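Each remark here refers to the structure printed beneath this line.
The values are calculated or read from the model by the stated rules, or taken from the named source; none is laboratory data. Note that the structure is predicted; figures quoted are calculated from it, not measured. No Cβ is skipped: glycine too gets one built from the backbone with ideal geometry, and neighbour counts run over all protein chains shown. With ligands, DNA and RNA removed, areas are computed over all heavy atoms of the protein, side chains included. Shrake-Rupley method; radii C 1.70, N 1.55, O 1.52, S 1.80 Å.
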Amino acid sequence: MQFPDSFTARMQRLLGSAYPDFLNALQQAPPVSIRVNKAKTSLKPELMPVPWAEAGYYLPERPLFTLDPAIHAGAYYVQEASSMFVEQALKQCVDLTQPIHVLDLCGAPGGKSTHLASLISDDSLLVANEVIRSRASILAENVAKWGSGNALVTSNDPRDFSRLPDFFDVMVVDAPCSGEGMFRKDPQAVVEWSEENVKLCAQRQQRILMDVWDALKPGGLLIYSTCTWNEQENEENIAWLAQQEGAESINLQFDPSWGVEQTELQGVKGYRFYPHRVQGEGFFMAVMRKQGDAEEVIHGKSRKKKYKLTPAGKKEKTLVENWLEQPEQYTFLQYGEVISALPENLFEAADEVYQNLYVLYAGIELAEVKGKKLKPLQGLALSQHLNKDAFEVADLNLDQALRYLRKEDINLGTNGNDWLLLQYNGLPLGWAKQIGNRMNNYYPKEWRIRMELPTDLPEGVLKFNA
């Protein structure tokens with residue numbers, strides 16, 4: 001792997017005598033790591049844990065994840081290990097037992113968003129955003145698969161968040177960057193790298209930070225990260241933010257054996273991940289606290305005269321409320337033809353987001369109104385709060401599950417005229433409609449597996465307990 005001369009000179013300066021080890025690490029196969037959705041399942045085998053993430057594990061090799069129904073069911077997410085370090089910032093700096101508002105500004109494809117969803121309380125609100133609409137759809141898919149039920153997926157430019165002043169307790173900005181940390185996973189990133197691009201990325205990152213800063217409440221936490229190593233996009237940007245806004249740098253505690261390198265510039269601390277020191281890709285993170293009293297802003301107190309969100313009708317609510325466990329904890333809403341559910345205490349905050357941003361997906365999408373009938377939606381099937389007892393459930397073997405996920409017609413040899421919840425190893429996958437001895441496949445077309453199935457199917461990538 002050949003690197004630009006200026007990149008090589010800078011990394012030699014940063015790493016000194018460790019540069020040959022760094023160079024050697026970039027020639028090795030990248031590690032493979034996953035994060036398990038403990039609200040849905042647990043792992044059977046003993047795998048090496050990611051030390052800074054409670055639900056993170058390393059795999060001995062990279063399997064063909066597409067052929068594992070469990071990943072389509074949201075049982076786990078394939079996430080780069082270094083980026084899971086965000087968990088330390090949340091656990092060390094935030095009271096996660098309290099209801100908070102969290103923004104993942106650059107959320108696609110969904111690694112950090114689903115991670116944040118697994119860390120915050122059920123009565124907290126996560127806003128997962130992605131400005132590029134096609135990527136926002138992928139983000140919405142992965143948030144729906146994770147199934148936490150307290151997330152809104154938006155597609156807005158960072159500057160749009162100025163409409164929500166002092167709204168978020170925590171903001172995660174995983175900023176678009178020059179991608180140096182991805183060089184061994186993506187050789188094209190080496191080709192596209194240049195000093196000019198580094199400079200442009202640094203300027204864009206500063207603009208993003210300024211665009212969203214007002215949306216962070218006084219005393220709130222900013223977690224800034226990139227997958228690059230140069231100081232311009234990392235330490236220098238955060239030092240600039242501290243100077244511009246008086247933000248306070250937060251010092252994290254961690255085990256030195258993890259191999260994370262702490263840096264400091266103008267009193268601002270950062271955390272660097274190098275592939276020769278950690279089992280992960282290149283990553284940088286810094287944690288800053290906004291000046292001001294955290295008690296100055298109290299969520300959910302402002303009352304609007306007119307809401308954008310509309311409660312579902314009594315009839316519709318009666319039809320769907322037993323589809324969830326503990327339905328009394330939810331507000332049932334109807335937006336267009338879609339009936340959804342949100343934790344009751346999040347109605348005010350969710351409506352404020354709807355008033356000011358473009359929302360693609362919200363809470364738990366339960367059903368679509370079809371005349372006088374209701375069609376259950378995919379978000380319900382994959383929800384962590386689904387009440388399976390409300391539906392007829394059919395178990396699929398591996399071949400049937402993969403053919404269902406390819407949106408093929410399958411025949412289970414059953415009869416009836418009702419909706420079926422299809423599952424694999426106890427993990428719900430989606431819906432089918434039984435019409436006599438025929439079965440209609442309602443798996444979302446845009447989610448389907450597109451690859452041809454091999455003749456010899458694997459027994460499953462990972463062994464899970466449902």
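Quick look at the values:
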{"quantity": "Largest to smallest accessible area among TYR19, TYR404 [probe 1.4 Å]", "calculated": "TYR19, TYR404"}
{"quantity": "Computed [θ] at 222 nm, deg cm²/dmol, the chain (DSSP H ≥ 4; -39,500 (n - 2.57); rounded to nearest 500)", "calculated": "-7500 deg cm²/dmol"}
{"quantity": "Antiparallel DSSP beta bridges within the chain, as percent of all bridges there, nearest 5", "calculated": "75 percent"}
{"quantity": "Rounded Å value of the spacing that divides the Cα centres of region 320-393 and region 102-141", "calculated": "17 Å"}
{"quantity": "Most to least accessible of ILE435, ILE250 (protein chains only, probe 1.4 Å)", "calculated": "ILE435, ILE250"}
{"quantity": "Computed magnitude of the charge dipole of region 84-295 (debye, nearest 20; Cβ of K, R +1, Cβ of D, E -1)", "calculated": "360 debye"}
{"quantity": "Residues of region 220-238 with amide N under 16 Å of the 7 Å Cα→Cβ point at GLU264", "calculated": "235-236"}
{"quantity": "Calculated Rg and Dmax of the chain using C-alpha coordinates, Å", "calculated": "23.1, 72"}
{"quantity": "Cα Rg over Rh - region 51-186, Kirkwood", "calculated": "0.95"}
{"quantity": "Region 84-295: C-alpha gyration tensor shape, a/c 1.5 cut-off, then a/b vs b/c", "calculated": "rounded"}
{"quantity": "Sulfur and carbon atoms: percent of accessible area, the chain [1.4 Å]", "calculated": "46 percent"}
{"quantity": "Surrounding net charge for TYR424, when Lys and Arg each add one and Asp and Glu each subtract one, Cβ distance under 10 Å", "calculated": "-2"}
{"quantity": "Percent antiparallel among DSSP beta bridges (both partners in region 84-295, rounded to 5)", "calculated": "50 percent"}
{"quantity": "Cα-centre dipole for the chain with unit charges at Cβ (Lys and Arg positive, Asp and Glu negative), debye to 20", "calculated": "1360 debye"}
